[in-house]
1. Against the definition (over 27 Å from A:THR1000 (Cβ atoms), assigned to a loop (DSSP other than H, G, I, E, B) and outside the structural domain of A:LYS1087 (by TED's automatic domain parsing)), how does A:TYR114 come out, yes or no?
2. Looking only at region B:201-234, how many residues end up being loosely packed, with under 11 Cβ neighbours inside 10 Å, modelled with pLDDT of 80 or more and facing chain A (nearest Cβ under 8 Å)?
3. Among the listed residues A:SER108, A:SER60, identify the single one that is at negative phi and among the small types (Gly, Ala, Ser).
4. Taking A:GLY24, is it more than 53 Å from the chain's Cα centre (by Cα), surrounded by fewer than 13 Cβ atoms within 10 Å (Cβ to Cβ), farther than 30 Å from A:LYS1087 by Cβ and within 9 Å of another protein chain (Cβ to nearest Cβ)?
5. Which count do you get for residues in region A:1084-1110 that are assigned to a loop (DSSP other than H, G, I, E, B) and either of a type in the set (A, V, I, L, M, F, W, C) or not assigned by TED's automatic domain parsing to the domain that holds A:VAL1138 (or both)?
6. Would you call A:GLU619 modelled with pLDDT of 95 or more and at negative phi?
7. Which number in (1) crowded, with 22+ Cβ neighbours inside 10 Å; (2) assigned to a helix (DSSP H, G or I) marks the one condition that A:SER130 misses?
8. Evaluate region B:37-57: report whether one residue or more is closer than 30 Å to B:PRO160 by Cα, part of a helix (DSSP H, G or I) and either in contact with a strand residue (DSSP E or B) (Cβ under 6 Å, 6 or more places away or on another chain) or of a type in the set (Gly, Ala, Ser) (or both).
Amino acid sequence: MKRKRSPLTNRFKYIRPIERQADGHSETTYGDRAWEDAYRRRWQHDKVVRSTHGVNCTGSCSWNIYVKNGIVTWEGQQLDYPSTGPDMPDFEPRGCPRGASFSWYMYSPLRVKYPYIRGILLDMWREALSHHPNNPLEAWKSIVEDREKAKRYKQARGKGGFVRVSWDEALTLVAASLLYTVVKYGPDRNVGFSPIPAMSMVSHAAGARFMQLMGGPILSFYDWYADLPPASPQIWGDQTDVPESSDWYNAGYIITWGSNVPLTRTPDAHFLAEVRYRGTKVVSVSPDYAESTKFADDWLSVKQGTDGALAMAMGHVILNEYYVKRTVPYFEQYAKTYTDFPFVVTLKQDGGAWTAGRFLLAKDLGKQTGNAEWKPVIYDENTGTFAVPNGTIGTRWEDKGKWNLRLVDEETEQPLEPRLSFLGSEDAVMSIKLPYFTAEGGKTIERAVPVKKVHTEAGDVYVTTVYDLILANYGIDRGIGGVVARSYDDEVPFTPAWQEAITGVDRELVVKIAREFADNAIDTNGRSMIIVGAGINHWFHSDTIYRAVLNLVLFVGAQGVNGGGWAHYVGQEKLRPAEGWQTIALARDWVGPAKLQNGTSFFYFATDQWRYEERPIDELVSPLAKKARYSHPGDYNVLAARLGWLPSYPTFNKNGIELYNEAVSHGARTPEEIGAYVAKQLKKKELQFAIEDPDNEANFPRNLIVWRANLISSSGKGHEYFLKHLLGTTNGLLNDDRNSLRPEEIRWRDEAPEGKLDLLVNLDFRMAGTALYSDVVLPAATWYEKHDLSSTDMHPFIHPFNPAVPPLWEARSDWDIFKSLAKAVSDVAKQAGLKPIKEVVATPLLHDTAQELAQPFGEVKDWSKGETEPIPGKTMPNIHVIERDYTLLYDQMTALGTNVARQPIGTKGIAWTAKEEYEQLKRRLGTVPRASIADGCPDISEAKKAVEAILTLSSTTNGKMAVKAWEALEKKTNLELADLAKEREEECFTFEQITAQPKTVITSPAFSGSEKGGRRYSPFTTNVERLIPWRTLTGRQSFYIDHELMREFGEAMATFKPVLPHRPFSNKRPTKNGKEVVLNYLTPHNKWSVHSMYFDSLPMLTLFRGGPTVWMNKDDAAEAGIADNDWIECFNENGVVVARAVVSHRLPRGMAFMHHAQDRHINVPGTKLTNNRGGTHNSPTRIHVKPTHMIGGYAQLSYGFNYYGPTGNQRDLFVVIRKLEEVDWLEDESASWHGHELG
Amino acid sequence: MARQFLWVIVPYLALVLFIAGHIWRYQRDQFGWTSKSSELLEKRQLRLGSLLFHWGILFVFVGHVMGILIPEPFYTALGVTEEMYHVIALAGGIPAGLAAFGGFVILFRRRLTVKRVRATSSTGDWVALGFLLAVIASGLSSTFLNIDSHGFDYRTTIGPWFRGLLTFRPNPAYMETVPLWFQIHILAAFGLFAVWPFTRLVHVFSFPLRYLQRSYVVYRKRMPKQAEPVNHAK
């Protein structure tokens, strides 16, 4: 090796130049150039690996991860996305400062490096094992069934004391608890929670698969996070389908409505910036001067939570000017073909007044056709009669090839000309009563509709069209009377003047924007877009707000058009390789059906938030309904469980295994007989649903495994209720349940349980909120240490995770952790001599199956009230029998089971075979050699193999599967569709391919848009262009939802409902001392974090104040005597959070922003209100469940996991804010404080 | 013996450390050879303190050259009387010394009180500051205590002794009558020289004098021997 020259001699070498040029202007020297190598080496790496971030922002950005000397040095954006085409900006670069700082975490002090168990529990466990050697189940029993012991270790939660343990010891303890619970209380008392699979789907699948093989439910998250827009299934029968971000560039007019694009969709925001240079107008609807407002030409500063009123007024203008005053052929044709506008609704007389009822059905008209109860009709102008068009939900499950949107008569196949309005051919004009809602309560208004008289089986009825009803609802003056708006300045619902008093937005501006939005749609054939987000979705009445907003895009024919329609970006995800992932995640290859529980209901009961309800539902229902069915929202949930509307795990007040044995001992043999036995027991009240008595210890959830999530703090709305009731540890709850509402259907126990959960297990690489409160923490691999997949709806690619370095310290990938947990369960099961078991499992009536035709006419028939008989799968949940052998769990976990070849694979109600693909996988992945139940099955013992299986079994990543899927849909619809995927039939994605370069997914019926020929994805374009029906009652996009409960709540049509009138304290409150202010407490997304992730990272903390903050208006702050950066406490009866005030004129008065998921381990001082640390952003929150979200068994309102169900909304809340008297960091042990957490 | 140690051995040890230390530091620590500017962390106090200190110290240095390195007969030959010399020395020296001291106090206080500056200070910074404090404080004291020019004349004692050191003819006898304040000042200065190469003070030698003479554009050419890649770790 050559010796390096000494810097000193070099120094002297260059004192004299070797030559001068240009009259001495420049010179050349032999100066030292060795220093250059330092800069060269800076960009030399041992390896560069493609990976991404599995964080819950679903940005799915592809990154280069740089490794040097075995250390990840940094990450940089990948720039090799396939082009979007010559006339558009490309996707690259994608990424934001949060992702760019991720590698900090790998070596940070927050990293979980070893398995941990809290010392107090570990001591008990070791002692118990010494008393029960070789019998872990008995050992566990001796701890959890000993009240004193259980209380002791549960009360220690959140107070540190973790001890490093071996993997074996940790896993054995968890396995013992899981199996003890299975035997003693039932498999459905073991629960798993992990959100947003798309962000790292194999890691999600690992735990989901484990839970399903265990027989434990996994919880939904989209609804629990209140990110699910229930309006989407209500209108479209689709969970959420939205355009990719590049499609914004196709828009001619964009309204950002409650969505802060540059902040929450940072990597995509450039498309919004760029499209403005194309001449697209951008309008911002936002109460505060948001970052997205800076993109806008017009700003509608709406009072928070009143967006529905604004949208209704815009709808009023559009209907008035583009439907009634003049007609637009494009709009009219769109409305007739793709919406339920022409469908016919019956009117019903109720105490003298007429109101809108349910759809007129083929059955009413005595038509001899299948599923006649499920075929709503239109009025055909060609024949002057009522006719059933193709595409209704009745035709969907008849399988006669009539499920398409061809405008022909379903019976005669004659072309139809639907009539939008009866006006002009009416038999009469009738006055109907319509409900509307004000801050003072529900009111009714009289409006006129043209009606026809029809002779039905039940006698003569009056009917009108949805279109006529909508015009009446919006208060459009058609010259037929009623209390309508003669001008926009009339203050009747829903005029621009009427909304001005509510929203504070100038009426002229509303009229202008509405006109522009519609005019643009006329000029561009529907390229008017509304980007909606959390700002309007996290409210109790988010669905009414959304329906009012979404009606706008339907009125102007913008949905199903590139560059048009809604674009919902909050908590949205698109798990592209859907079928393959579902097969593995739900363990469909071995068992079924899966236990899928809606998260909100689960947490509502598990954390006993139901015990603290104050506001009777009667205040929320339509004035036409007079009184609600129940006063307590929890009662509706019991109804929903009983009628099979919602899932309900833990299901019965009995172990499902015992129930099976009991049924067998009573002579039941087949699943049908067992179902009948269960129904009989339920009817006799010998058997109960667990949620009828959630505080009975037989009904507690016992084990909760949380992975890829930060439940305790980040997403745990009602944080202090979680601490008190679920975990049983020190909490800051300021509420009590002495004067709360008492339910009718739920047993009230005066003493509320504390510490329901036996074991909280957390897999994480970060010692954050959930880990700190867990009993067992298992070290998970980071995103740069494992194989996985990520996809999103923001772009059409699937990105790989690749390990840049192996899992550090003792960490393991999620796949490997659940694999080893499966091994531990198998081993403990063998040790305990567990025999195979059979259990009774209940599942709800599911959307996209024939069960969505279970409960006709949208009528609620409760068998427990004798209104009907309990029939499994019809008037109550389905009853199944499932067999499990826990000793085989590991073998099943690591092999792809034979069901893949034997049973059809599918999605959204269509099915095909994957037999060939299964054989292919055997050869590609190798088979399991050992003689076991999995003998000869494809080996998926490694995450990378699971990835290959997912890619091969999915229609978006395997061309052959895509073509088979389209052919299956062709059969169902009698349409030609397979060409959408034919050109890519030969492609089958592999992990190596997508590691080399991102690939655009293949067009598949798993989603509703087309990527054919490099087209940008926009939802429902295949519905519009290929006439595939929406999966709704009418097969069209719905303006009208006729379920009895929707009418009970006055929500059959879009309307405005005000924010819930919440008070910070309904009972006693802490003494008031000094100045304070009451503000609406909002928790929007954070700029420098993605939920709690990155909030605690040093690089991000340095960007803004380095700790918890609450934003408030300068005048509100002045009123409470608060200066910028003062420490403040925000509190209400739910709890307290302490933070620094950010005083700003950016926010209007009346609201406070505490950016979401500021976790409790970063700079949180104590508060005298609780004598404890000042909580988290979720301390002042709790959820309110909305009964209409619980409807099921009825067309698009049938249950789907993460598709429908009550949302865990938390915005309709108010807090008291005051200056913190004394900032105490609780670091002085002699202080009078007690119950320190994390001290 | 003590005399020999203090005024011969210690100075030579310090000078050897000073010279060898700089060479060693330059060879080993190219990227560490810096003034470690903390301007990024605090600007206001630095601007005043740094300017006062640096200009002050520059004039103090010139004064030392005039008083110690240049022999007394040189001034006599020019016709500068002892009285005149002292007036000039004190008129220039006291303001310069006060400026340096004032600047030093500001900088020292800044380093102590500005959290961010304190947090980024190294041991070497504190050591350098300590010696500087000793040197400046003792030097200034000596000057003030020696305002009466009839007392003690360093030009006939310290001057010859110091020049003796440089010419390798050290004579500690010159130091016999030197007052204690001067002795402290001199020893503190040699202490400063000893730690100098290991602190940020090395930046003195990076003063970009070459800018006065070099071309506007400098190209660096690889030496023919060096033309092959040198891309390897040291």
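1. When the stated conditions are applied, A:TYR114 passes them.
2. Of the residues in region B:201-234, 2 are loosely packed, with under 11 Cβ neighbours inside 10 Å, modelled with pLDDT of 80 or more and facing chain A (nearest Cβ under 8 Å).
3. A:SER108
4. Judged against the criteria, A:GLY24 is a match.
5. Counting residues in region A:1084-1110 that are assigned to a loop (DSSP other than H, G, I, E, B) and either of a type in the set (A, V, I, L, M, F, W, C) or not assigned by TED's automatic domain parsing to the domain that holds A:VAL1138 (or both) gives 4.
6. no
7. Of the numbered conditions (1) crowded, with 22+ Cβ neighbours inside 10 Å; (2) assigned to a helix (DSSP H, G or I), the odd one out for A:SER130 is (1).
8. Looking through region B:37-57, at least one residue is closer than 30 Å to B:PRO160 by Cα, part of a helix (DSSP H, G or I) and either in contact with a strand residue (DSSP E or B) (Cβ under 6 Å, 6 or more places away or on another chain) or of a type in the set (Gly, Ala, Ser) (or both).
The values are calculated or read from the model by the stated rules, or taken from the named source; none is laboratory data. Treat the numbers as computed from the prediction; the structure is a model and nothing was measured. For neighbour counting, all protein chains shown are included, and Cβ atoms are generated from backbone atoms with ideal geometry for every residue, glycine included.
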